[in-house]
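Below: the structure, in structure tokens.
Throughout, read-outs are computed from the coordinates displayed, never taken from laboratory work. Fair warning: this is a prediction, and the values are worked out from it, not measured in the lab. For neighbour counting, all protein chains shown are included, and Cβ atoms are generated from backbone atoms with ideal geometry for every residue, glycine included.
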Amino acid sequence: MKIAIILPHFYPYVGGGETMFYDLARGLTERGHDVRVVAELVDYEHTGHKVIDGIDVWYCPWKSMFGHPFPRKKDIEKHIRWCDVVHTSIFTTAPVVSALAKKYHKPSVLTVYEVRGKKWFWSDVFYRALIYYMVEQVSCRQKFDVYHAISEATKQDFRTYIGKRDVRRVYLANEMGRTEHPEDSGFSLREYFGIGDEKVFLYYGRPGKTKGVHVYAQAIRYLQQRGIDLSGVRFCFLLGKEPEKPRKEFLETIEKWGLEDIVLIRESVAREELAACIAQADCVVVPSLTEGFGYSALEACQIGTPLIYSDGGSLPEVAYGRCRSFHNRNASHLAGRLAAVIREDPRAFRQVPEKKFTKETMLGGLEEIYREIATGN
């Protein structure tokens, strides 16, 4: 089968969606399909046509706004004419891909990472949230044969905020947990943060407001105000550089509240080093307001590190092992969960049976969709 994948971003751009499509394109290629990926030019090492791990990739110099590229029809058209099935994702590639798929009578799939709907207004000023809401509505209402939701929560939100469509849930894959003994990689979390034997709560990822870092900061402040002994505790953040403004606001909040001694912030690390950090932490905290799938939570579970997570979005779907949820956006409730771990309360965590999210299942689910819409059966 000939499959064209049209994306805003692709490897070497790093993100959950980009990881999913890289794994998908590589897996489909290994299964004997012809795969072409068309995406925005990220850097000048990746320009024009490249072959990456057997995948034909075309990097195009598209103009961007607010980090979202706007694809040119001429860069995409020949690939859609060539393919048997075309696959894209929200946001900016959806309208042009939908139009060209209709023009050339090509079966089409739209991957929807999450649908926030009214939840856009939880974390941004009204005018910007309204813009994002409208862009999401336009993107998700484009005509596709199948809408691929990456979790049950995303599927339900799609039906709530967009309406009835042919929405199929196919979970993403994450196999960090297959790494053998990541704690023995030679990378030391404690050396990286310059600490000793303190109890470590680890957060890693982007500092965006929907990731809940401001809720987490407020919870740490509540611990301090409630007189919890934090002398043997460190809250470690592996914090991405983007988005820049929320990161700056977070750093300023930590300083304003005088939390610098117990809240330690360092730059993100490579994936192998991240696995070591997760394994060496005493607890991972995922305080997201919204989450389409929840890679961070699943990675902690696969490695076996205890997890505290928000009950927002898809996180309850992926969490397992020693874990405990807190009420979404509720800093006071999160503070209580953290305090229980600090006190070593035996009720701090619950044991949830293991859940599996494999590349084979993801590939098989999407391959089945492709075959069905390509053949009409």
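Between VAL112 and HIS148, ALA149, ILE150, the built amide H atoms are under 5 Å apart, and every one of these is 5 or more places off in sequence or on another chain. Amide H to amide H, with H built 1.01 Å from N, TRP257 comes under 5 Å of no residue 5 or more places away or on another chain. Can you classify the stretch 202-254 as rounded, prolate or oblate using the Cα gyration tensor, where a ≥ b ≥ c are the square roots of its eigenvalues, rounded means a/c under 1.5, and otherwise it's prolate if a/b beats b/c and oblate if not? Note, shape of the stretch 202-254 comes out prolate. Taking every Cα-Cα distance in the stretch 1-159 and sorting them into 5 Å bins starting at zero, the pair-distance distribution P(r) comes out as 2, 9, 18, 22, 22, 15, 8, 4, 1, 0 percent. The HN-Hα couplings worked out from phi for the stretch 324-341 by the Karplus form 6.51 cos²θ - 1.76 cosθ + 1.60 (θ = phi - 60°) are 7, 8, 10, 5, 3, 6, 9, 5, 5, 5, 4, 4, x, 5, 5, 4, 4, 5 Hz, whole numbers, x standing for Gly and Pro.
Using a/c under 1.5 as the rounded threshold, could you call the chain rounded, prolate or oblate? The axes a ≥ b ≥ c are square roots of the C-alpha gyration tensor eigenvalues, and prolate needs a/b larger than b/c, oblate otherwise. In terms of gyration-tensor shape, prolate.
Size descriptors for the stretch 176-352 (Cα atoms only): Rg and Dmax, in that order, 14.8, 41 Å. Under a 5 Å amide H cut-off, with hydrogens placed 1.01 Å from N, ILE265 pairs with PHE237 among residues at least 5 apart or on other chains.
Largest first and in whole Å, what are the equivalent-ellipsoid semi-axes of the stretch 248-331 based on the Cα gyration tensor, each being the root of 5 times an eigenvalue? Show your work: numbers first, answer last.
Values: eigenvalues 99, 63, 27 Å².
Gyration-tensor ellipsoid for the stretch 248-331: 22, 18, 12 Å.
Sort the stretch 73-178 into rounded, prolate or oblate with this rule: let a ≥ b ≥ c be the square roots of the eigenvalues of the Cα gyration tensor; rounded if a/c is under 1.5, and if a/c is not under 1.5, prolate when a/b is larger than b/c, oblate otherwise. Note, shape of the stretch 73-178 comes out oblate. Annotation: the residues GLU191, GLU367, sorted from fewest to most other C-beta atoms within 10 Å of their own C-beta, follow the order GLU191, GLU367. In the chain, the DSSP-assigned H stretches of four residues or longer account for a calculated mean residue ellipticity at 222 nm of -11500 deg cm²/dmol, using -39500 (n - 2.57) per stretch and the full residue count as denominator.
In plain terms, the residue of LYS245, LYS119, LYS74, LYS50 with the fewest other Cβ atoms within 10 Å comes first and the most crowded comes last, giving LYS74, LYS245, LYS50, LYS119. For the stretch 356-361, backbone phi angles converted through the Karplus equation (6.51, -1.76, 1.60; θ = phi - 60°) give residue-by-residue couplings of 10, 10, 10, 5, 4, 5 Hz, Gly and Pro being listed as x. The alpha-carbon atoms of the stretch 142-262, seen along their principal axes, cover 55, 38, 27 angstrom, with the largest extent given first.
Summarising the label geometry, the points placed 7 Å from Cα in the beta-carbon direction at THR358 and GLU252 lie 4.9 nm from one another. Across the stretch 100-116, computed HN-Hα scalar couplings (Karplus, 6.51 cos²θ - 1.76 cosθ + 1.60, θ = phi - 60°) run 6, 4, 5, 4, 9, 6, 9, x, 9, 10, 10, 8, 10, 6, 6, 10, 8 Hz from first to last residue, x flagging Gly and Pro. Bridgeable lysines around LYS256 (alpha carbons under 29 Å apart, same-chain partners fewer than 8 residues away excluded): LYS119, LYS199, LYS209, LYS211, LYS241, LYS245, LYS248.
What ranking do SER64, SER288 get, fewest neighbouring Cβ atoms within 10 angstrom at the top? Numbers along the way, then the final one.
Details: SER64 12, SER288 25.
With the fewest neighbours first, SER64, SER288 line up as SER64, SER288.
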